[in-house]
Amino acid sequence: MGKEVRVRFAPSPTGDLHVGNIRTALFDWAYARHTGGTFIFRIEDTDTTRVTDEYIQAAIDTLKWLGLDWDEGPEVGGPNGPYLQSQRLDIYAQWAQKFLDQKDAYYCYCTPVELEARREAQRAANVAPGYDGQCRDLTNAQITDYKTQGREAVVRMRMPDGSTTFTDEIRGDVTFDHKVVPDFVLVRGDGSPLYTLAVAVDDIMMKVTHVLRGEDLLSSTPRQIRVYQAMGVEPEDYPTFAHLPFVMGQDNAKLSKRNGEVSIAWYRERGFLPEAICNYLALLGWSPGDDRENVTMKELTELFTVDKVHSSPARFDMKKLEAINGDKIRALSPDEFLNWSLPFLTKEAIISGTDAEIAVVKAALPIIQERIVTLAEVPAMLNFLFVKNFAVAEDCISKVNDEAAKAVLSRSSTELSKLTTWTHDSIEAALRSSLIEELGLKPRIAFSAVRIATTGSNISPPLFESMELLGQEVSLERIKLALSL
Ligand code: GLU
């Protein structure tokens, strides 16, 4: 029997989590759930100049909102915590000291200016730029001299000659010649740890068995393996690596964090459902072996295996995501749709949230459920039911105040006031027999005037249902108003 699977998602929240992060988180989560293993959520916040408390909280909220529940991590705790790297600084310091004692690492006194000058020379000589090992074997006298000069020292890991090979579950065997992996910094001059030290120490101490992450981190793997070796970890206890292919933009350029459209918060605000985002991202770079477009979270956990992850980059397609979102909206139960819609309506002050308003929303939602792609469309669709000072939209006025429209509206007014039952069927029957059959008008022309008069615009939910919801009195009042324009 293999050991229990432990997978981690370890973002550095230097901004809102983006599409690429969440695709990684989703695959990590799905792999843990598929194997009955443990999903660890670790916050890599050692870069205090870029990570903020707000971004950490936002990352936690985003994972919760998406339904990616974790077994160990912030808020839930666990036996291998703390799960915020900023609370583990003494652990990294102890390991760094051990590496120094073992001579796996050494103090380096080179200043940034000196390093840059030497890199420049390397580039000029066509040598791969990187640390040249100047401080590897300093004498005591040299060290004393540097200290007297008041130089700050970083802790640097010694990279032996040779190469590192590891098996990536997606790419197969990957080898890095150490000529391209120079000695690297573990601890900064101010004593703070670098990512490579913290990530490697934590993956070992948290007993992580599988590292599934973005391919941008592929080249940091040999450095992490070097840290495992210095920690005395046996190769069979190294985590298994799987580097997920990039998510590219439509233009084939890499999607970037600085671009607002990749942040998950952006999608949330624009009315995308978490199930739609998860469904879409799950199939971005992975497929269960068929060409399905829909996958539920349950199916994902049942079917997810790393060997079905593609090795080539995936292209993000907004249109596909929108189509999936529309499908997921149509699949919501009336109560679910109501609960998702209300915050959008209150945020735009379409309703204040009284029981009477909610009852109207509840009655109106079924008529728009088939027609919208995102929840952000709900306010504009239902505004006509709640608007206080009703007026026909500027750009539609010309369509209701010409001769022909006036004729349509006055005939409609006459017929509709005669109705004793006010349902979409009775409204439709009355308007069809008078406007279409008797006046011989084309439905598009006849109904467009009535639509603009009653809802204020030419984009609205189905007309007869809308008028039923508005009620006879209000509908007639609005037609009268249009006639007076
Ligand atoms: N914290 C790293 C990042 O957000 C990822 C760490 C990892 O998955 O190894 O880029």
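The values are calculated or read from the model by the stated rules, or taken from the named source; none is laboratory data. Since the model is a prediction, treat every value here as computed from it, not as a measurement. We place every Cβ from the backbone using ideal geometry, glycine too, and count neighbours over all the protein chains shown. For accessibility, only protein heavy atoms count, side chains too; no ligands or nucleic acids. Shrake-Rupley method; radii C 1.70, N 1.55, O 1.52, S 1.80 Å.
Looking only at residues of the range 14-37 that are among the charged types (D, E, K, R) and surrounded by 24 or more Cβ atoms within 10 Å (Cβ to Cβ), we find that the one that is nearest to the ligand (Cβ to nearest atom) is 28.
On inspection, residue 314 qualifies as open to solvent by less than 70 Å² (accessible area, probe 1.4 Å) and within 19 Å of the chain's Cα centre (by Cα).
Answer yes or no: is there a residue in the range 133-152 that is at pLDDT 95 or above, within 37 Å of the chain's Cα centre (by Cα) and at negative phi. No: zero hits.
For the range 160-207, the candidate set comprises residues that are aliphatic (A, V, I, L, M) and away from the ligand (no atom under 16 Å from the Cβ); within that set, the residue that is most open to solvent (accessible area, probe 1.4 Å) is 180.
Being out of contact with any Asp or Glu (no Cβ under 8 Å at 6 or more places or on another chain) and either over 23 Å from residue 109 (Cβ atoms) or assigned to a strand (DSSP E or B) (or both) is the filter here; which residues of the range 163-183 pass it? Once the filter is applied, which keeps residues that are out of contact with any Asp or Glu (no Cβ under 8 Å at 6 or more places or on another chain) and either over 23 Å from residue 109 (Cβ atoms) or assigned to a strand (DSSP E or B) (or both), the range 163-183 yields 164, 168, 170, 171, 172, 173, 175, 176, 177, 179, 180. Taken over the range 261-295, the criterion of being under 17 Å from the mean Cα position of the chain (by Cα), modelled with pLDDT under 95, within 28 Å of residue 209 (Cα to Cα) and β-branched (Val, Ile, Thr) is satisfied by 264 alone. Residue by residue through the range 436-466, note down the ones that are surrounded by fewer than 19 Cβ atoms within 10 Å (Cβ to Cβ) and among the basic types (Lys, Arg). Across the range 436-466, the qualifying residues are 442, 444.
Residues that are open to solvent by 50 Å² or more (accessible area, probe 1.4 Å), farther than 30 Å from residue 482 by Cα and in contact (Cβ under 8 Å) with a residue 12 or more places away in the chain do occur in the range 332-343, at least one of them.
Screening residue 59 on (1) within 16 Å of the chain's Cα centre (by Cα); (2) among the aliphatic types (A, V, I, L, M); (3) not in a helix (DSSP H, G or I) shows it passes everything except condition (3).
Rundown of residues vs (1) closer than 21 Å to residue 265 by Cα; (2) of a type in the set (Gly, Ala, Ser), yes/no style:
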{"position": "30", "(1), (2)": "no, yes"}
{"position": "64", "(1), (2)": "yes, no"}
{"position": "75", "(1), (2)": "yes, no"}
{"position": "80", "(1), (2)": "no, no"}
{"position": "84", "(1), (2)": "no, no"}
{"position": "92", "(1), (2)": "no, no"}
{"position": "109", "(1), (2)": "no, no"}
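Taking residue 372 as the residue in question, decide whether it is in a helix (DSSP H, G or I), within 22 Å of residue 264 (Cα to Cα), among the β-branched types (Val, Ile, Thr) and at pLDDT 95 or above. It is false that residue 372 is in a helix (DSSP H, G or I), within 22 Å of residue 264 (Cα to Cα), among the β-branched types (Val, Ile, Thr) and at pLDDT 95 or above.
With the structure loaded, tell me whether residue 72 is more than 13 Å from the ligand (Cβ to nearest atom) and open to solvent by less than 20 Å² (accessible area, probe 1.4 Å) or whether it fails that test. Considered against the rule, which asks whether it is more than 13 Å from the ligand (Cβ to nearest atom) and open to solvent by less than 20 Å² (accessible area, probe 1.4 Å), residue 72 comes out as yes. Of the residues making up the range 90-114, those that are part of a helix (DSSP H, G or I), open to solvent by less than 80 Å² (accessible area, probe 1.4 Å) and either of a type in the set (A, V, I, L, M) or free of Cβ contacts under 8 Å to residues at least 40 places away in the same chain (or both) are 91, 93, 96, 100, 114.
Name the single residue, out of those in the range 208-229 being crowded, with 19+ Cβ neighbours inside 10 Å and more than 21 Å from residue 98 (Cβ to Cβ), that is nearest to the ligand (Cβ to nearest atom). For the range 208-229, the residue satisfying everything is 213.
Out of the residues in the range 1-13 meeting the condition of being more than 10 Å from the ligand (Cβ to nearest atom) and out of contact with any Lys or Arg (no Cβ under 6 Å at 6 or more places or on another chain), tell me which one is most open to solvent (accessible area, probe 1.4 Å). So the residue we want is 1. Residues in the range 308-345 that are of a type in the set (Ser, Thr, Tyr) and either closer than 28 Å to residue 362 by Cβ or assigned to a strand (DSSP E or B) (or both): 333, 341. Within the range 346-355, identify whether any single residue is in a helix (DSSP H, G or I) and modelled with pLDDT under 95, and answer yes or no. No, there is no match, as no residue in the range 346-355 is in a helix (DSSP H, G or I) and modelled with pLDDT under 95.
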